[in-house]
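Bear in mind that the values in this text are calculations on the coordinates, not laboratory data. Just so you know, these numbers come straight off a predicted model, no measurement behind them. Here Cβ is always computed from backbone atoms with ideal geometry, including for glycine, and neighbour counts include all displayed protein chains.
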Amino acid sequence: MFHRKKVLRVWNDTRVTPLDQAHFTEPFRVALIIIYTAVLLVGITGLTVMISLLKTNIRSLTTIAFLNLMVAHFLFLLTVPFRIYYYVSQTWQLGQGFCKLVSAMVHIHIYMVFTIYSILLTVRFLHFYKKTQRTEFYTRLHGLGASALVWFILLIIMLPLVLIQYGQKTINLPEKQCFKFGDEIHNYVYALNMVLSIFIITVSCLQTCIQVIILRSMILKYGPASHSQQEFWVQIKNLSFVLIMLTCLVPYHLFRLQYLNNIGDLHQINEVFLAITGLTCFDMLTFTGKNIYKVCWTG
């Protein structure tokens, strides 16, 4: 009897070890590999094709926003292969410090993309309602300075949050496990996550409503001739950014409101929603409009 219990205990121990190392079940693991592979392929293609815009007017607000998005996407895409490697191999051999960096980068990417979208849409809305007449910076230096300021402010906000959220508790993680930092969300970190999620959802919905109102007013004013108006196509581009926010960013933050109250049971599906935010890399195709065809035909 004693020998039988000992064998059973050893069998249970060996059964638990693989599960501790690979905390993603097969359906979620496959979904994550597919999503991040699509993000990587489309992201690299978009960066390669859209690099031609570097030759355009550097003072344009749209171009400055585009360049900042390129930087944000590029930094994020650098970490995507390591995520794919982990979901395929089911083990992490690169150390917990690098795991924290890769895990934090996807969140920094979310907030950077959201910030650029919000600034661009707000300025364009003001321009439409004649509250501002300028959509260009006075010099290239002003444009680059504004970009540096946005990055500086965002990192000032994000870095302390990252250092707090990925704190000392993560030293208890199994050595070959990664992307499981839910235990770090507590007290003020929990409250801050809730506030950020609610803020992003609210701003996204508000901008969607404004965009719908603008398009409706243009259609009522010009009727069938709307398609011949340049401003109409500008608003269509704006609409595409709003739709990217609604399909890639808002679902994650809506789900996060539930996830923060049930971290243990919702960890795997939370990673899938988080991966979907990476699909914002598709926006590079939207920014260029007709220019993408020129690049493809003259390349």
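Under the shape rule built on the C-alpha gyration tensor, where the axes satisfy a ≥ b ≥ c, the stretch 197-243 is prolate, since a/c reaches at least 1.5 and a/b is greater than b/c. Counting beta carbons within 10 Å around each of SER197, SER228 and listing the fewest first gives the order SER228, SER197. Between the stretch 255-276 and the stretch 195-234, the alpha-carbon centres lie 30 Å apart.
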